[in-house]
Amino acid sequence: MYRHAFAAIACLMTSTTALAQTIAYPQTRTVDQVDEQFGVKVADPYRWLENDVRNDPQVAAWVAAENKVTDAYLATLPGRDIFKSRLTKLFDYERVGVPQREGGRYFYSRNSGLQNQSVLYVRDSVNGQGRVLIDPNGWSKDGATALAEWSPSKDGKRLLYSIQDGGSDWRKLRVLDVDSGKVLDDQIDWVKYGLSASWVKDGSGFYYARFPTPEKGQEFQSQNLNAKVYFHKLGTPQTADQLIYERPDQPRYTFYPGITDDGRWLVISTSGPGDHTEIAVLDLTRPNDKPRTIVNTDNVDWSTIGSKDSTLFLTTTQDAPRLRVVTLDMAAVNPVPKEIVPQEKAVLNGASLVGGRIMAAYLVDAKTEVKRFTLDGKPDGAIELPGIGTVGGVGGELDNNEGFFAFSSFATPTTIYRYDAATRAVTPWATPKVAFDPTQYDVRQRFYTSKDGTKVPMFIVKRKDVTKPAPTLLYAYGGFNVPILPGFSAGRVAWLEQGGVLAVANIRGGSEYGKEWHDGGKLLNKQNVFDDFIAAGEDLIAQGVTGKGQLAIQGGSNGGLLVGAVVNQRPDLFAAALPAVGVMDMLRFDRFTAGRYWVDDYGVPAKEADFRNLLTYSPYHNVKAGVTYPAILATTADTDDRVVPGHTFKYTAMLQSKDIGPKPHLVRIETRAGHGSGKPTDKVIEETADLWAFIAKWTGMTVKPIG
């Protein structure tokens, strides 16, 4: 963690302040940077911490100094080793991903337990013996190079896969021959945001989206602009790839190409500023067919779920804030949406075509129900789920009765089920065995009232024998139309085993109740998100779930912004806070990497109304001197190229510069890690042990050995 590389670290240390009597924070250099917008002067004294740690020795030295202080403090926490030991046992269980069937073969990921990275397997039959196809655990000494997304060709003979190094969002695409295990010469660079690639039906090549090669030294900082869609023919260099689609008039548009299961339609989904959505379609059965735009809307969500002959099936929020299913007849000159599954009271969270049916997953107060419909929209029963929890959707194909889905809940590890659309039978395909007893835990849901009277749901999880106010961890996200649903976490079990409580609030900004719930927590309504979260904390105390001085809060990314904002607004309410990879400077977030995408939720800092709103809650700009703050352990990673670490660096420096009380205000900066995906298991365990030990200390939890 840059601990040994810079001799200048010593001169960065300063004497202990009067309030932080046990911690000597690094003395962070300030600059005379003041920006004026709309007549408002805004100081930015830590602007230099935005520089890339790989290129700026002063930033690297600051990182090393901060980590040295944080590591020294964490080493004093009595529960740290206990948590780490227990987490190691809890993580040591088999984890299997949802299989994908192509060419009669079944491709799936598997982690035996403590492997740093999951391994890709293939079976030749549904219950056959799996063999290792790709094991990324030898790709790097520190285990930080991961197998990210992957996609088998329709005949199951080739596998397109992506390599993620050090947690970066950038990917390298490679192709594997499944029979021989040989990696082909094909390589695609500068792909981002998942595997935006799709095989043609005969396996001769694939379509993909990429960004231009960034300037040297700006790979992890510059904005992602001017995406394009290409076709790559196997056996040819990337320089020979055929350009299929671009929008030079709209450099901020991003493209997601995908081919329908029957191989006929190339669907290019486009997202752009202002919640702009376009869908362009090519008929791959027609040589030299040109992209045809069939959707062009603002503030309306559209998603393609499949096709049958000339009919496309889509979900949309058009005239349906909780979504509905429609079809478009591509044989028509001007296709008009035809509703087949109308909007329901519950929110449609995803749909697929399996076994001649539409499988629709609905959220009912943040819990999943899966209903079946015929292709013309007639109700056809439901899938019997193993309990109350979360199903991400049923994976499969229209012309095959076999489908798979994953089921999880707070006390149920993710289990993979096989579904037969003809017989409706649900059978376990991969069942994990974890070193804890789920019957000892209670999961309940309650509704509390936010500041404006809105009823908000919250899950509360704890051991059944915990009946008095206890140390509680409150988690939420609240943004980008993302629902926070019941799901299993081995890391959280370690907290619950110690008698701690987990509370998950489904605050506005997500999609738990559809578009209106999302809209109620974005742009000029963003304060509702913070009010909902604060009200959740107040309710937990009022209901006796926890006591004052026992409440910790946690959130990541947009949730890191959430934690930073509410700590500034209600520092008295919380005992400890864990903001992770947060968006902390709301006036400059759109200047780096993926930040430009976030203006639809946050607003545009260059617009006056948005600027004034953002300034009211920006964590970096609203730290209040002279007020006692909770203990704070912020986390980030040096190679996070989604929310660049400069956000957390600047926020931490601001916290440490202010008179905000005696509790620690620290930052934990991981190396060779990014926004979260691809992080090795050993690093996950170490970080989780640090987080739980930190909040245990400041919520009054006594940590005892388990087992």
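The values are calculated or read from the model by the stated rules, or taken from the named source; none is laboratory data. Just so you know, these numbers come straight off a predicted model, no measurement behind them. Cβ coordinates were reconstructed from backbone atoms using ideal geometry, including for glycine residues, and neighbour counts include every protein chain displayed. Please note that ligands, DNA and RNA were not included when accessible areas were found on the heavy atoms of the full protein model with its side chains. Shrake-Rupley method; radii C 1.70, N 1.55, O 1.52, S 1.80 Å.
Taking the stated definitions as given, is Ala360 surrounded by fewer than 21 Cβ atoms within 10 Å (Cβ to Cβ) and under 30 Å from Ala411 (Cα atoms)?
In short, no.
Over 18 Å from the mean Cα position of the chain (by Cα), farther than 27 Å from Lys84 by Cβ and not in a loop (DSSP other than H, G, I, E, B) - does that describe any residue in the range 659-669?
no
One line per residue, one yes/no per condition, for (1) open to solvent by less than 10 Å² (accessible area, probe 1.4 Å); (2) assigned to a loop (DSSP other than H, G, I, E, B); (3) free of Cβ contacts under 8 Å to residues at least 60 places away in the same chain:
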site	(1), (2), (3)
Thr628	no, yes, yes
Thr639	no, yes, no
Thr648	yes, no, no
Met654	no, no, no
Gly674	yes, yes, no
Glu686	no, no, no
Leu691	no, no, no
Ile706	no, yes, no
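Determine if the range 417-426 includes at least one residue that is surrounded by fewer than 18 Cβ atoms within 10 Å (Cβ to Cβ) and at positive phi.
Scanning the range 417-426 turns up at least one residue that is surrounded by fewer than 18 Cβ atoms within 10 Å (Cβ to Cβ) and at positive phi.
Identify, from the list Ser180, Ser204, the residue that is small (Gly, Ala, Ser), out of contact with any Pro (no Cβ under 7 Å at 6 or more places or on another chain) and open to solvent by 50 Å² or more (accessible area, probe 1.4 Å).
Ser180
Hey, any hits in the range 435-444 for a residue that's closer than 24 Å to Gly582 by Cβ, outside any loop (DSSP other than H, G, I, E, B) and touching a helix residue (DSSP H, G or I) at 6+ places or on another chain (Cβ under 7 Å)?
Within the range 435-444 (the criterion being closer than 24 Å to Gly582 by Cβ, outside any loop (DSSP other than H, G, I, E, B) and touching a helix residue (DSSP H, G or I) at 6+ places or on another chain (Cβ under 7 Å)), the answer is no, since none of the residues qualifies.
One line per residue, one yes/no per condition, for (1) in contact with a helix residue (DSSP H, G or I) (Cβ under 8 Å, 6 or more places away or on another chain); (2) closer than 18 Å to Pro26 by Cα; (3) surrounded by fewer than 24 Cβ atoms within 10 Å (Cβ to Cβ):
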position: Ala606; (1), (2), (3): no, no, yes
position: Leu615; (1), (2), (3): yes, no, yes
position: Pro619; (1), (2), (3): yes, no, no
position: Asn622; (1), (2), (3): yes, no, yes
position: Ala631; (1), (2), (3): yes, yes, yes
position: Thr636; (1), (2), (3): yes, yes, no
position: Pro645; (1), (2), (3): no, yes, no
position: Tyr651; (1), (2), (3): yes, yes, no
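Looking at (1) out of contact with any strand residue (DSSP E or B) (no Cβ under 6 Å at 6 or more places or on another chain); (2) within 22 Å of Ser408 (Cα to Cα); (3) surrounded by fewer than 22 Cβ atoms within 10 Å (Cβ to Cβ), can you tell me which one Gly555 breaks?
Condition (3) is where Gly555 drops out.
Read through the list (1) β-branched (Val, Ile, Thr); (2) in contact with an Asp or Glu (Cβ under 9 Å, 6 or more places away or on another chain); (3) open to solvent by less than 20 Å² (accessible area, probe 1.4 Å), then give the number of the only condition that Ile134 fails.
Ile134 satisfies all of (1) β-branched (Val, Ile, Thr); (2) in contact with an Asp or Glu (Cβ under 9 Å, 6 or more places away or on another chain); (3) open to solvent by less than 20 Å² (accessible area, probe 1.4 Å) except (2).
Condition test on Ala577, is it surrounded by 19 or more Cβ atoms within 10 Å (Cβ to Cβ) and under 30 Å from Thr546 (Cα atoms)?
Yes, satisfied.
Are there any pairs with C-beta distances below 7 angstrom linking a residue in the range 13-30 that is modelled with pLDDT of 50 or more to a residue that is in a loop (DSSP other than H, G, I, E, B) and open to solvent by 80 Å² or more (accessible area, probe 1.4 Å), with the two at least 6 apart or on different chains, and if so which?
If the second residue must be in a loop (DSSP other than H, G, I, E, B) and open to solvent by 80 Å² or more (accessible area, probe 1.4 Å), the pairs left are Ala24/Ser15.
So, in the range 436-473, how many residues would count as being in contact (Cβ under 8 Å) with a residue 40 or more places away in the chain and either open to solvent by less than 80 Å² (accessible area, probe 1.4 Å) or farther than 19 Å from Leu551 by Cβ (or both)?
So the count comes out to 22.
Val567: surrounded by 19 or more Cβ atoms within 10 Å (Cβ to Cβ), assigned to a loop (DSSP other than H, G, I, E, B) and more than 18 Å from the chain's Cα centre (by Cα), yes or no?
No: the conditions fail for Val567.
Each row is one residue, and each column tells you yes or no for (1) within 30 Å of Gly381 (Cβ to Cβ); (2) hydroxyl-bearing (Ser, Thr, Tyr).
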| position | (1), (2) |
| --- | --- |
| Phe255 | no, no |
| Thr260 | yes, yes |
| Gly272 | no, no |
| His276 | no, no |
| Asn299 | no, no |
| Ala320 | yes, no |
| Val326 | yes, no |
| Val333 | no, no |
| Ser352 | yes, yes |
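Quick test of your reading of the structure: Phe220 fulfils all but one of (1) within 25 Å of Lys290 (Cβ to Cβ); (2) open to solvent by 40 Å² or more (accessible area, probe 1.4 Å); (3) of a type outside the set (S, T, N, Q). Name the failing condition by number.
Tallying (1) within 25 Å of Lys290 (Cβ to Cβ); (2) open to solvent by 40 Å² or more (accessible area, probe 1.4 Å); (3) of a type outside the set (S, T, N, Q), Phe220 fails exactly one: (1).
Where in the range 100-189 are there strands (runs of 3 or more DSSP E), lying fully within it, with 3 or more residues that are touching a residue at least 40 places away in the same chain (Cβ under 8 Å) and at negative phi?
100-102, 105-111, 145-152, 158-165, 170-177
It is to be established whether one or more residues within the range 586-600 are modelled with pLDDT of 95 or more, out of contact with any strand residue (DSSP E or B) (no Cβ under 7 Å at 6 or more places or on another chain) and open to solvent by less than 10 Å² (accessible area, probe 1.4 Å).
Yes, because at least one residue in the range 586-600 is modelled with pLDDT of 95 or more, out of contact with any strand residue (DSSP E or B) (no Cβ under 7 Å at 6 or more places or on another chain) and open to solvent by less than 10 Å² (accessible area, probe 1.4 Å).
Out of Tyr417, Tyr448, report the one residue that is aromatic (Phe, Trp, Tyr), farther than 30 Å from Gln527 by Cα and assigned to a strand (DSSP E or B).
Going through Tyr417, Tyr448 in turn, the sole match is Tyr417.
In this structure, does Gly549 turn out to be open to solvent by 20 Å² or more (accessible area, probe 1.4 Å) and either assigned to a loop (DSSP other than H, G, I, E, B) or among the charged types (D, E, K, R) (or both)?
So Gly549 passes the test.
Matching residues to (1) of a type outside the set (A, V, I, L, M, F, W, C); (2) without any contact (Cβ under 8 Å) to a residue 24 or more places away in the chain; (3) within 26 Å of Leu348 (Cβ to Cβ):
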position: Phe220; (1), (2), (3): no, no, no
position: Tyr230; (1), (2), (3): yes, yes, no
position: Phe255; (1), (2), (3): no, no, yes
position: Gly258; (1), (2), (3): yes, no, yes
position: Leu282; (1), (2), (3): no, no, no
position: Ser303; (1), (2), (3): yes, no, yes
position: Lys308; (1), (2), (3): yes, no, yes
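It is to be established whether one or more residues within the range 318-336 are free of Cβ contacts under 8 Å to residues at least 40 places away in the same chain, in a loop (DSSP other than H, G, I, E, B), open to solvent by less than 30 Å² (accessible area, probe 1.4 Å) and over 27 Å from Tyr230 (Cα atoms).
Scanning the range 318-336 turns up at least one residue that is free of Cβ contacts under 8 Å to residues at least 40 places away in the same chain, in a loop (DSSP other than H, G, I, E, B), open to solvent by less than 30 Å² (accessible area, probe 1.4 Å) and over 27 Å from Tyr230 (Cα atoms).
Scan the range 518-538 for residues that are in a helix (DSSP H, G or I), open to solvent by less than 30 Å² (accessible area, probe 1.4 Å) and touching a residue at least 60 places away in the same chain (Cβ under 8 Å) and jot them down.
Phe530, Asp531, Asp532, Ile534, Ala535, Ala536, Gly537
Considering only the range 31-41, I want to know if a residue exists there that is part of a helix (DSSP H, G or I) and either touching a Phe, Trp or Tyr at 6+ places or on another chain (Cβ under 8 Å) or polar (S, T, N, Q) (or both).
Within the range 31-41, none of the residues are part of a helix (DSSP H, G or I) and either touching a Phe, Trp or Tyr at 6+ places or on another chain (Cβ under 8 Å) or polar (S, T, N, Q) (or both).
Mind checking which residues of the range 191-222 are over 30 Å from Phe589 (Cα atoms) and acidic (Asp, Glu)?
Asp202
Would you pick out the residues in the range 352-383 that are acidic (Asp, Glu) and more than 28 Å from the chain's Cα centre (by Cα)?
Asp376, Asp380
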